[in-house]
Amino acid sequence: MADTYDLIVLGSGPGGYVAAIRASQLGLKTAIVERERLGGICLNWGCIPTKALLRTSEIYHYLTHADAYGLSAERPGYDLAKIVARSRKVAGQLNAGVKTLMKKNKVTVYEGNGALAGPGRLTVTQGDGVVELTAPHIMVATGARARDLPFAPADGARIWTYRHAMTPAEMPTKLLVIGSGAIGVEFASFYSDMGADVTIVEMLPRILPVEDEEVSAFMEKALTKQGIKIITGAGVKALETRLDSVNVTVNLSDGTTMADSFSHAIVAIGIVPNTQGIGLEALGVATDRGHIMVDGFGRTNVPGLYAIGDVTGPPWLAHKASHEGIVCVEAIAGQHPHPFKTWNIPGCTYSRPQVASVGLTEAAAKAAGHQVKVGKFPFIGNGKAIALGEAEGFIKTVFDADTGALLGAHMVGAEVTELIQGYVIARQLETTEAELMETVFAHPTLSEMMHESVLGAYGRAVHI
């Protein structure tokens, strides 16, 4: 006999487990199904453990540049096994935390491979056994996985995905990073700071291509100054693994080719939604290039079936998935939430320097027909940034010239991934330049640059 619930969530990443908690809070009897580890890719193999690695490389960078702060650190070194162990410990701690949250919120956890078996039905394969579950509402939150190069799939030895790059058995000496989105740039930053010779290859004309053009240009200069080689407008033609190396052929933008050898290569060219083998086809679930199509409440074209997170398409971000899950569950419970939209989702890259943004780039705002006012303020004009020894970077704000609406904000520099939320809140509250100008920012803080950037858009910047 099948176990019966009000809601079954397939997948326990930051979308799935948050949705399950909210469902329980709203009085729905809820079950969650996970084939690997609670917390999904983000918690176990993505957002969290990579930040632990990047924190290590940040500290190592400061140790090797201690003299700039009047300090001395003789012959700093590292233990790669301990670095990886710390990252895994952080992930393990949070995995245990999700288990506690499931128990606290009375969410039943099923470990195994889940698959849709018909309207309102789901099976969980656990070894040789199968458990049958039923619910009027089933949510698919299966996430996505790394995309392989079709001619050179990752082998975990010389060709890595993000998973291999987080648990290296050895430190690369000469590393190729294929793709310059957030994942590629973060790993390039980590391994470069730890002493590897790093090259980034990007097919598009600039790195971090979804960011504002000025941010991309600044990042290319900053990373190049750190010793990272960047090749844009180029595509990897071939990867040939050897016992101790990877031979690479790259098609360059001028029509020529480049051949080189690396100790390792990281493939960071995007993701593939996890929609295979979970029963979508039999139910006739509508998809677009593999992603499940949904409305603003996570509803698919099949009654009673919902989807959230990476499996539904971009932006592929944990916080997007979490919010989608809450909106979906509240709609199921009759709470009448606002439909989910992607207009105000911040994006963050935790490299050195950091990058953060929300809303429209300057080019996108103009393309959308806006007359714009743009403000830009450099880190070198901020006392706190200078005191921190982090005087490189800038904050850029884009306003509608007619209404004063904040169309977008773009940052590059130290701790901007923490600062961006100020602009996200401002946009959510539909704040205009007038309210931002009248807001008092504490001194000395990095956040003062946010104020100055707004003032600069209207010719009122003080410290530049």
- Task: Could you check how many residues of the stretch 84-130 are closer than 18 Å to Pro14 by Cβ and among the hydrophobic types (A, V, I, L, M, F, W, C)?
- Result: 9
- Note on the structure: Okay, helices (runs of 4 or more DSSP H) sitting entirely in the stretch 1-114 with 3 or more residues that are aliphatic (A, V, I, L, M), within 27 Å of Leu223 (Cβ to Cβ) and touching a strand residue (DSSP E or B) at 6+ places or on another chain (Cβ under 9 Å), I get none
- In the stretch 303-327, which residue that is of a type in the set (A, V, I, L, M, F, W, C) and either farther than 20 Å from Ala115 by Cβ or open to solvent by 20 Å² or more (accessible area, probe 1.4 Å) (or both) is nearest to the chain's Cα centre (by Cα)? Leu317
- For the stretch 6-33, what are the residues that are on the phi > 0 side of the Ramachandran plot and in contact with a helix residue (DSSP H, G or I) (Cβ under 7 Å, 6 or more places away or on another chain)? Gly11
- Task: Look through Leu10, Leu28, Leu38, Leu80 and report the one residue that is open to solvent by less than 40 Å² (accessible area, probe 1.4 Å) and under 19 Å from the mean Cα position of the chain (by Cα).
- Result: Leu38
- How about the stretch 133-155: which of its residues are in a loop (DSSP other than H, G, I, E, B), open to solvent by less than 10 Å² (accessible area, probe 1.4 Å) and at pLDDT below 95? none
- Item | Among (1) open to solvent by less than 30 Å² (accessible area, probe 1.4 Å); (2) within 22 Å of Lys225 (Cβ to Cβ); (3) out of contact with any Leu (no Cβ under 8 Å at 6 or more places or on another chain) - the single one Gly389 does not satisfy | (1)
- Restricting the stretch 57-77 to residues that are surrounded by 13 or more Cβ atoms within 10 Å (Cβ to Cβ) and in contact (Cβ under 8 Å) with a residue 40 or more places away in the chain, which is nearest to Tyr191 (Cα to Cα)? Ser57
- Query: Of all residues in the stretch 420-455 being touching a residue at least 40 places away in the same chain (Cβ under 8 Å) and part of a loop (DSSP other than H, G, I, E, B), which is surrounded by the most Cβ atoms within 10 Å (Cβ to Cβ)?
  - Reply: Leu446
- Query: So, in the stretch 189-208, of the ones that are open to solvent by less than 40 Å² (accessible area, probe 1.4 Å) and of a type outside the set (A, V, I, L, M, F, W, C), which residue ends up farthest from Leu80 (Cα to Cα)?
  - Reply: Glu202
- Item | Flag if Ala367 is out of contact with any helix residue (DSSP H, G or I) (no Cβ under 8 Å at 6 or more places or on another chain), surrounded by fewer than 22 Cβ atoms within 10 Å (Cβ to Cβ) and free of Cβ contacts under 8 Å to residues at least 60 places away in the same chain | yes
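The values are calculated or read from the model by the stated rules, or taken from the named source; none is laboratory data. All figures in this text were calculated on a predicted structure; none of them were measured in a lab. In this analysis, Cβ positions are derived from the backbone assuming ideal geometry, glycine residues included, and neighbour counts consider all displayed protein chains. Side chains are part of the model used for accessible areas, which takes the heavy atoms of the whole protein and leaves out ligands, DNA and RNA. Shrake-Rupley method; radii C 1.70, N 1.55, O 1.52, S 1.80 Å.
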